[in-house]
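Structure, as C-alpha cells:
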Amino acid sequence: MNQTKHAGPNHGIPIAAALIVGVGLLVAAAMAMVYVAGYQVAHRNTVELIRQRGGLILSLINERIHNHLQPAGAQLDYLAKLSASGRIDPENAAQLGAALAASLAAAPQISVVAFVSPDLRVVRAFRNRPGGSVRESDWSDDPVFQRIFKEAVQRNGPYWGELFVAESVGHTFINLRVPVRRQGRLLGVLIAGVSISELSAFLAQLRDTFSETTFILYGRDHVLAHPLLLHGYPGLSDQHPLPELQQFNDPVLREIWAPARHGSIEKAFAGPARIRAVDYLEQPHVFMFRTIDHFGAEPWLVGTHAPLAKMAGEYKRLELIPLAGLGALVLAFLVTYVLARALSQPVRRLADGVVLVRDLDIKNVPLLPYGPFRELNQAASAFNAMVASLKWFETYVPRTLVRRLMRQRDGGEIASEEREMSILFTDIQGFTALAEKLPARQLADLLNEHFTLIDRAIEVEGGTVDKYLGDGAMAFWGAPDRQDDHAARACRAAVAIARAVVADNVVRRAAGKPPIRTRIGVHSGNVVVGNIGAPSRVNYTIVGDAVNVAERISEIAREVLNGSDDDTAVCFSGQTVAQWGDGVTLTPLGQREMRGHHEPVEVFCLGPA
C-alpha cells in the first residue's frame, strides 16, 4: 500500500521495453521453429510480405489521391445541384461568389473555385488570396476559357482538365470541371483547382516510415509527385506544368523504362502490382507500380522503388536467426503470459472507469492505482486528474440534458430547428430588498435551496433547466426529446414549484426567516432550439418570441402577487391552457399587451397553491 501511495506516474519500467523483451523472445522462438521447418518456406513468406508491403504502400498512396481529389468532385456536384435547382442564381454575382467562397471552407483541398458563364464572365473564389477572396472577370477574349466552354458543351458530367501552374504561388494544380445545366440548358461551367503539392508532402511522410522511395508519374514521361518535389520545382509553367522524367534529379527513377535484365526477380515479386527490375550503378533496383486512369487524359503511375539489396535484406536476415529449442519457446510463452496479465488488469480498470465517465456517473468512478509500468502510471495519473476535474465540472453541466442528447444524437452534431415547446420562468418577488439584508454566504445558501426545489419539480416532469438568471430560473419542455404533452408537463411543474415554495415558507416562518415569494409564468409557442453560441462555448438552448412572452407573463404574475398575501403567483398563457386540459380552476386575467409582441395574449392565473 505504501509503495502504491508514494509511486508516481514516471515510476516503473517503460512499457515499450517490456513489450520488446517479451514479444522479442516469442518471435525469436517462433522464427527458430520456422528456420528448422525450412528456409525456403520462410523465404517465400518473406517475399510475400515484401510484396504485400509494396501493395500496402501503393494502396496508401491511391487512397490519399482519392481522399485528396474526390472532395472537390463532391463539392462541385453540390454547387451544380444548387445552381440547377435555382437555389443559386448564377447571374447574381454576389450570391454566386458567396456560395463559391463557402465551398472552399467545406473542401480545404480546393485552392480556387470558379464559375464560367456562357458569355465567359468568370466569378472566382480564392483561398487566402490578398485583396479579397472573390473576384469577377470578363475573359470573353481568352482562348483558354473559350476552349473550356466549348469542351463543356460536349460533356454530361464532371471531368478532369489539364494541369496548370499558379505562378503567384509556384504550385501545379489539377482542375475539375462540371457543366451546370437547368432543364437541358447549359448555365455555365464550375471549375475547381486542387493543388497536387500535398501529394508530394504525403510521399515525403511515407519515406520517413518506409524504406522505399515513392513517386507518382503523369503518363510515362513526367513526374507529378515525389518527395523531392516537397518544396516545389523551378521553371514550371502552364506549358510545362510538371518536371520531365529524364531531367528529374532522381537517377533511379529515370531508369524506370530502361530495358529489364532481371526476369527472375520480376517473377519472384510478381503480384497485383506491375514489377520492373533495372540496373543503376550495377545494382538491381525493383519498381512496383499501378496505374490510375480516371484523373485526366494521361494515366497516373503510382509506384515505389528500392535497391534489391535492401529488400533482400529482409529475408537474408533469416540466415542469422540462431537455432532455438523448445525451452526458448516455453520461456517466451511464460513471459508473454506474465506481461499480458500485468498489462490487461490496469487497462481493464481504465476501461471500466472510462465507461462510467462516458455515462457521466462521475461519483462512482474509482481512482486508478499505480503499477510497474511507466506509461500506464502516466495514464492513471492523467485519468485520476481528469476525474477530479470532472467532479467539479459536473456541477456546472446539466447531466440530464447531456444524457438525452447522447441518447438521441449518438454524439453527432445537434442541428437547430423550429419546434413548438413550453417555457417556464420563475423569479423571487422583492429579491433586491431581501439580498440587501443577508450576508453573501446566507444569500447563496438561500438561492441554492430555492433552486433545488425548482430543479426537482422540473426534473420530475422531464423538463430541462436552461439557465439560472440571478434569482430566477428558465426551463423548457419539448426538446431534446419530443414531448407531445409539453404544455401539461410545464403546467404540472409550475404547480409543483408553487406548492414546494409554500411548504418551504412554512418551515422558514417557523424558523423566523422571511418567506420567499415566487412568481411563475408559463407559455407555449414556436421557438428555435439547438446549439447556439460561439465555437469556444455552445449552449443547447431556445430562442424566439415565445421565450419573451413567457418572461412577460412572469412579470404579470408580479402584479398578481403584489395584490395578494399569497406566497406564489402562477400565470399561464391561453396557448398553454388550451393544451393542458387538467381541470384546474383558473382565473382569467383577460387579454394583455406584451412588450415586444405584436398581438395581445390571453392570460390565466392559478389560485393559491
Item to check | Odd one out for TYR370, checked against (1) assigned to a helix (DSSP H, G or I); (2) modelled with pLDDT of 80 or more | outcome: (1)
Item to check | Selection within the stretch 529-548 - aliphatic (A, V, I, L, M) and free of Cβ contacts under 8 Å to residues at least 60 places away in the same chain | outcome: ALA534, VAL538, VAL543
Checklist entry - Failed condition for ARG220, given (1) basic (Lys, Arg); (2) exposed (fewer than 12 other Cβ atoms within 10 Å of the Cβ); (3) within 30 Å of PRO90 (Cα to Cα), with all others met? => result (3)
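Name every residue in the stretch 164-216 that is hydroxyl-bearing (Ser, Thr, Tyr), touching a helix residue (DSSP H, G or I) at 6+ places or on another chain (Cβ under 8 Å) and crowded, with 16+ Cβ neighbours inside 10 Å, in order of residue number.
At the first step, the residues of the stretch 164-216 found to be hydroxyl-bearing (Ser, Thr, Tyr) are 168, 172, 195, 197, 200, 209, 211, 213-214.
When the remaining residues are screened for being touching a helix residue (DSSP H, G or I) at 6+ places or on another chain (Cβ under 8 Å), the result is 172, 197, 200, 211, 213-214.
Of everything in the stretch 164-216, those that are hydroxyl-bearing (Ser, Thr, Tyr), touching a helix residue (DSSP H, G or I) at 6+ places or on another chain (Cβ under 8 Å) and crowded, with 16+ Cβ neighbours inside 10 Å turn out to be THR172, SER197, SER200, THR213, THR214.
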Item to check | Answer from VAL495, VAL502, VAL506 - the residue that is assigned to a helix (DSSP H, G or I), surrounded by fewer than 16 Cβ atoms within 10 Å (Cβ to Cβ) and either in contact (Cβ under 8 Å) with a residue 60 or more places away in the chain or out of contact with any Gly (no Cβ under 9 Å at 6 or more places or on another chain) (or both) | outcome: VAL506
Checklist outcome for this item: Taking the stretch 549-598 and the residues there that are assigned to a loop (DSSP other than H, G, I, E, B) and modelled with pLDDT of 85 or more, the one that is surrounded by the most Cβ atoms within 10 Å (Cβ to Cβ) would be ASP567
Item to check | Among (1) part of a strand (DSSP E or B); (2) under 41 Å from the mean Cα position of the chain (by Cα), the one test that HIS285 misses | outcome: (2)
Checklist outcome for this item: Being in a helix (DSSP H, G or I) and either farther than 16 Å from PHE164 by Cβ or modelled with pLDDT of 85 or more (or both) narrows ALA204, ALA260 down to just ALA204
Item to check | Candidates ALA490, ALA457, ALA475, ALA479, filtered to the one that is in a helix (DSSP H, G or I) and touching a strand residue (DSSP E or B) at 6+ places or on another chain (Cβ under 6 Å) | outcome: ALA490
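Can you pull out the residues in the stretch 127-166 that are part of a loop (DSSP other than H, G, I, E, B), of a type in the set (A, V, I, L, M, F, W, C) and free of Cβ contacts under 8 Å to residues at least 24 places away in the same chain?
Scanning the stretch 127-166 gives a single hit, TRP139.
The values are calculated or read from the model by the stated rules, or taken from the named source; none is laboratory data. Remember, predicted model here, so these are calculated numbers, not experimental data. So basically every Cβ, Gly included, is an ideal-geometry build from the backbone, and we count neighbours across all protein chains shown.
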